[in-house]
Amino acid sequence: MKEVKSPKKPLLYYYGIVLLIILAFNLLVAPLLTGNQVAEVDYGTFMDMIDQGDIGLVQVEDSQIIFTNKDETKVYTTGPMEDPTLTERLHNCGAKFDRVVEEPASPLMSFLLTFILPILIFVGLGQYMSKKMMEQAGGKNSLSFGLGKSNAKVYVQSTKGIRFDDVAGEDEAKESLQEIVDYLHDPSKYSQAGASMPKGILLVGPPGTGKTMLAKAVAGEANVPFFSISGSEFVEMFVGMGASKVRDLFRQAKEKAPCIVFIHEIDAIGQKRSSGSAYGGNDEREQTLNQLLTEMDGFEENTGVIILAATNRPDSLDAALTRPGRFDRRVPVELPDLQGREAILKVHAKKIKPAEDVDFHTIARMAAGASGAELANIINEAALRAVRNNRSIVTQEDLEESIEVVIAGYQKKSAVLSDQEKKVVAYHEIGHALVAAEQSHSAPVQKITIIPRTSGALGYTMQVETGDKYLMSKEEIEDKIATYTGGRAAEEVVFGSITTGASNDIEQATKLARAMISRYGMSEEFDMVAMETVQNQYLGGDTSLACSPDTQKEIDRQVVALVKKQHEKAKNILLNNRSKLDELANYLYEKETITGDEFMNILKGGADK
Ligand code: ADP
Ligand code: ZN
């Protein structure tokens, strides 16, 4: 949801302009102001004027002679000369020896004009520019604050009417948030009943699951102003700005209450504060966080300001933020399930023209694990593909192709594989598919392709579970490991040599085998003892070991044994189905992409012959 910022002109550009202004000022304007009535003349002219008696006042100094004409309307200066008769001649022509009243620019005045004024202009311009730059950096959709308070403004009035209906799925999240909407409609109802709303609510979930959308929908449903700022915006500004931004944000929010304040990526400021401050910490961030805490404690309950914050790393937040009276309520916003995915696809499909036979259920099944943002992207990619093919109707094929574009990386048609490589990849992928198909606990194969992706994969076998899975049995995991080893096994069985193409398979198989033993309690020896614990499921599941070095060795030994056993199993499956393996691999080699149905037809069809 980041806006594209207009490119900033380099700072140097502004300084250049200021320099030019000062130069021009000194050359053109200053002389006009300071010396407009003083004319410098040569000594000859002075002599002539004496001869003509055209001298009024005269003041002889060491460095110059200042004089006026007879009427004392003009002031002249000229350089001094060794001229012993000067005084006498001046006296004779009737000049008065006196101070010339209209001094050519007092030193103070000229100092002010040539130094102070440009500096003032410089400072003024600088302030104007920094304000401008901050407006640019703030973007359109967010609050932007200048150096002073006066220019703090800009918020987004209820957001183009986003409603709960626009957010597909996420029923539980919507249900929890409905109460907030109700409260914002009539805060007094709650205060009369002695009930108080939480001030802060944390929307917790992976990126792209619609947290921002939900926050906007709350504002939209309640028809209240929506202030939005990203946590990273607080800290990316100048030092000391973060805290004053927070202050300004809350000042405005209180003025506009009831309203919603939405802080995206709150972990950017809300991370645990460094206790020892061994690295000096990030003072700016801590100051900002402290200010946020102060503000949250400062405003009374039921003022009608509700702060929603989004994060995908709730465990990294400072404990002070999640204390009662602050962000003490959590609303999980999870990745959509099968039904949710279908609903999201349908919501976004309203923007395109799908063909009549498009089956969103199948698409949703194929896009397991996709976030709402990715699903929206799949629809858009499909529409783009239709346009590239000069169509306005989006077909099933467009959509299926887009799943791979979005999830597996773009098709790299230009990458040329040698025939031998292509053959190896075909056998490798069929190896996966065949091992999967010949086991009773594997998900059916949906699609096999040997068209390379930009993600680096040379081929790809897509398996799709028939429903959403929440539990996996030991047998299923074992079969899955065997399927991962199937690619390499095919290379061994057919070519007798192995390639580097299996590195990802090896990684996945190892991960599963290790988890079986150390986390899922699926080994005889260790029973239900946890050897590893997951630290943070939102941080990609970092694990930490909790066992002795000896045990670790034993785990490693068992992981190897487990994978080896499945690898042997896969090899045997392929050896027993050698003719099928050849037939399928050749078919894939020719077609490059085959569907699960084609695969099963060949597999079953051949069996009767
Ligand atoms: P987050 O804030 O969780 O990172 P966003 O709310 O910014 O995610 O979602 C990004 C985009 O993904 C939205 O603009 C929308 O197009 C799409 N999207 C995500 N979740 C949903 C959903 N549940 N229903 C409809 N669209 C969704
Ligand atoms: Zn593989």
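The values are calculated or read from the model by the stated rules, or taken from the named source; none is laboratory data. This structure is a prediction, so every number in the text was calculated from the model and none was measured. So basically every Cβ, Gly included, is an ideal-geometry build from the backbone, and we count neighbours across all protein chains shown. The accessibility values were calculated without ligands, DNA or RNA, using every heavy atom of the protein model including side chains. Shrake-Rupley method; radii C 1.70, N 1.55, O 1.52, S 1.80 Å.
Observations
- Only residues that are away from ligand 1 (no atom under 14 Å from the Cβ) and either surrounded by fewer than 17 Cβ atoms within 10 Å (Cβ to Cβ) or in a helix (DSSP H, G or I) (or both) were counted in segment 187-222, giving 12.
- A367 vs. criteria open to solvent by less than 50 Å² (accessible area, probe 1.4 Å) and either in contact with an Asp or Glu (Cβ under 7 Å, 6 or more places away or on another chain) or of a type in the set (G, A, S) (or both): yes
- Candidates A376, A386, A436: the one that is open to solvent by less than 20 Å² (accessible area, probe 1.4 Å), modelled with pLDDT of 80 or more, in a helix (DSSP H, G or I) and more than 29 Å from L574 (Cβ to Cβ) is A386.
- Count of segment 485-511 residues which are among the acidic types (D, E), within 11 Å of ligand 2 (Cβ to nearest atom) and open to solvent by less than 70 Å² (accessible area, probe 1.4 Å): 2
- Pick from segment 334-348, criterion closer than 23 Å to E465 by Cβ and of a type in the set (A, V, I, L, M, F, W, C), ranking: farthest from ligand 2 (Cβ to nearest atom): A343
- Count of residues meeting criterion [surrounded by fewer than 22 Cβ atoms within 10 Å (Cβ to Cβ) and either of a type in the set (A, V, I, L, M) or assigned by TED's automatic domain parsing to the domain that holds E374 (or both)] in segment 310-328: 3
- Against the test of being touching a residue at least 60 places away in the same chain (Cβ under 8 Å) and either among the polar types (S, T, N, Q) or touching a Pro at 6+ places or on another chain (Cβ under 8 Å) (or both), the options Q439, Q508, Q420 yield a single qualifying residue, Q439.
- There is no residue in segment 356-369 that is at pLDDT 90 or above, under 27 Å from the mean Cα position of the chain (by Cα) and not in a strand (DSSP E or B).
Let's see how each residue does on (1) open to solvent by 40 Å² or more (accessible area, probe 1.4 Å); (2) at negative phi; (3) at pLDDT 80 or above; (4) of a type in the set (G, A, S):
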position	(1), (2), (3), (4)
E532	no, yes, no, no
G540	yes, no, no, yes
V560	yes, yes, yes, no
K571	yes, yes, yes, no
L574	no, yes, yes, no
L584	no, yes, yes, no
T593	yes, yes, yes, no
L603	no, yes, yes, no
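- Subset tally (residues that are in contact with a strand residue (DSSP E or B) (Cβ under 6 Å, 6 or more places away or on another chain) and modelled with pLDDT of 80 or more) for segment 460-497: 4
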